[in-house]
Amino acid sequence: MISLIYGGKGSGKTIKLIETANKAQETNDGAAVYITTHAKHSIQIKPTIKFIDALEYGINTKEQAIGFIKGILACNSDINYVYIDGLAYMANLPVEGTKELFEEVEAISQQLNVNFVITVSSETLPDFLQKYNK
């Protein structure tokens, strides 16, 4: 399953994602990962959630982002939640150009039974992302 948190720049997406991750971890019986490009938020994430700064790994394409996500999940089969702050930014794509990226994340989610919560920096969602807006 993929869920989105979206809005314009400065609308509080990151704070909402952090709150969502921390709240869910109170009852999560699996492992969780928080992937971002903003290391400054690491102190706001509960220590039981693995915090990863993707900038440290040079992620800047769709292929690298997908490979990175798959690699993380391959290392720990207990991961059932992945929180990603700015997947489009991480993959160096405009939101309108992320259709294939989200399709691949959806396939990973279904194959491995992992829930993804992803922020999208956009006032409105492209049609292909509407199905994830729950």
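The values are calculated or read from the model by the stated rules, or taken from the named source; none is laboratory data. Predicted model, so just to flag it, every value in this text is computed and none were measured. Glycine gets a Cβ as well: all are built from the backbone with ideal geometry, and neighbour counts include every protein chain shown. Side chains are part of the model used for accessible areas, which takes the heavy atoms of the whole protein and leaves out ligands, DNA and RNA. Shrake-Rupley method; radii C 1.70, N 1.55, O 1.52, S 1.80 Å.
Entry remark, segment 1-15: residues being under 15 Å from the mean Cα position of the chain (by Cα), in contact (Cβ under 8 Å) with a residue 60 or more places away in the chain and open to solvent by 50 Å² or more (accessible area, probe 1.4 Å) number 2 in total. Inspection of segment 116-133 identifies no residue that is modelled with pLDDT of 95 or more, among the charged types (D, E, K, R) and assigned to a helix (DSSP H, G or I). Does Glu103 count as in contact with a Pro (Cβ under 6 Å, 6 or more places away or on another chain) and open to solvent by 20 Å² or more (accessible area, probe 1.4 Å)? Taking the combined requirement at face value, the residue does not satisfy it.
Screening Ile79, Ile118 for residues that are farther than 21 Å from Tyr6 by Cβ and not basic (Lys, Arg) leaves exactly one candidate, Ile79. Name the residues in segment 109-134 that are crowded, with 17+ Cβ neighbours inside 10 Å and β-branched (Val, Ile, Thr), would you? Residues satisfying the conditions are Val114, Val117, Ile118, Thr119, Val120. Mind listing just one residue for me: the one in segment 16-46 that is β-branched (Val, Ile, Thr) and over 18 Å from Leu125 (Cβ atoms) and, of those, most open to solvent (accessible area, probe 1.4 Å)? It comes out as Ile43. In segment 26-64, which residue that is modelled with pLDDT of 90 or more and in a helix (DSSP H, G or I) is nearest to the chain's Cα centre (by Cα)? Residue satisfying both the conditions and the ranking: Ala54. Against the numbered list (1) in a helix (DSSP H, G or I); (2) closer than 17 Å to Lys16 by Cβ, Phe102 comes up short only at (2).
With respect to (1) in contact with a helix residue (DSSP H, G or I) (Cβ under 9 Å, 6 or more places away or on another chain); (2) modelled with pLDDT of 90 or more; (3) not in a strand (DSSP E or B), the lone exception for Gln110 is condition (1).
Step by step: first the residues of segment 65-92, then only those that are of a type in the set (Val, Ile, Thr) and within 10 Å of the chain's Cα centre (by Cα), then the one that is farthest from Ile49 (Cα to Cα). Which residue is that? Ranking the candidates gives Ile69 first. Any residue at all in segment 65-85 that's buried (at least 17 other Cβ atoms within 10 Å of the Cβ) and in a loop (DSSP other than H, G, I, E, B)? For segment 65-85, residues buried (at least 17 other Cβ atoms within 10 Å of the Cβ) and in a loop (DSSP other than H, G, I, E, B): present.
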